[in-house]
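Step one of this worksheet: look at the structure below.
The values are calculated or read from the model by the stated rules, or taken from the named source; none is laboratory data. As the structure is a prediction and not an experimental result, all values here were calculated from the model. Because the Cβ atoms are built from the backbone with ideal geometry, glycine has one as well, and the counts that use them run over all protein chains shown.
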Amino acid sequence: MSTFQGISYIPSLRSRGGLLRVLDPRTKLLAMALLSTLIFLTDDLLKISVFLILLLLVIALSKLSILRIISSLKAVLFLILITTILNSFMVEGKVIWSWKFLTLTEEGLRFSLLVAIRIIFISLFSLVVISNIDQGELATSLRRIFKPLRRVGVISDDFALGLTIAIRFIPVLLSELDRIYTAQLAKGIELERLSFRKKVDFWISIMVPMIKTTLKRAEDLALALEMRGYYEETRGDLTDISFSAWDLIAIYFLLAFTLWVQLG
């Protein structure tokens, strides 16, 4: 874990030397964006299964703990459940079950299953990729990717930094939320027995310190950046990144895979 002026980011799934680490972070970000888009452009179950096999291969190359990766899905389980239920009843087709205004169809079940698989794939693949990119590499990669936007007046450096901090702060904020939530429950509160009004008060008691802590972290981070001279015009990259032969191989594979998904 790295600490920065009282601010910590928690790379709990960080790889310790898998083959995925040899790739340039820009190649990994390209793969994440491209594959996340492609999986939404295909409805073929065979191709979807290839995506899942590819995901398992990436996890193996990254040397991450599969159990920890699966446990990280807890954050999106509610989203997956809600989207699966809603999609099951919103697609017309051969009726399996019906009650009043609710109608369950075979096409709805198939579509909801595809959506659930897509969300799981994107969540896990993004987690694996981000866990294999150092904070400095991520900031440098985004800065170089967005550099052409300077021509249209976009401050690419600040945009890249903001995006990097947003990505890295997600696990921190989730951890903080879990800590405050557990602390409130430790007081003997039985949430399921509370009235609606008291439940609202309960969540307010969680969100207020959460927002306060977040603002404090943001203020400390801004002060730390200023003290280190980040806002100077002569600032350079946080770390050096460069393409290698492995990146060319990975890019060729991505292009071939894209053609197969779209034309195969």
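Determine if region 118-132 includes at least one residue that is in contact (Cβ under 8 Å) with a residue 40 or more places away in the chain, closer than 23 Å to Ile53 by Cβ and outside any helix (DSSP H, G or I).
yes
So which residues in region 146-176 are surrounded by 16 or more Cβ atoms within 10 Å (Cβ to Cβ), modelled with pLDDT of 75 or more and not in a loop (DSSP other than H, G, I, E, B)?
Glu176
On the given criteria, is Ala160 among the aliphatic types (A, V, I, L, M) and within 30 Å of Ile39 (Cβ to Cβ)?
Taking the combined requirement at face value, the residue satisfies it.
Scanning for something closer than 30 Å to Ala166 by Cβ and of a type in the set (A, V, I, L, M, F, W, C), does region 92-113 turn up at least one residue?
No, region 92-113 contains no residue that is closer than 30 Å to Ala166 by Cβ and of a type in the set (A, V, I, L, M, F, W, C).
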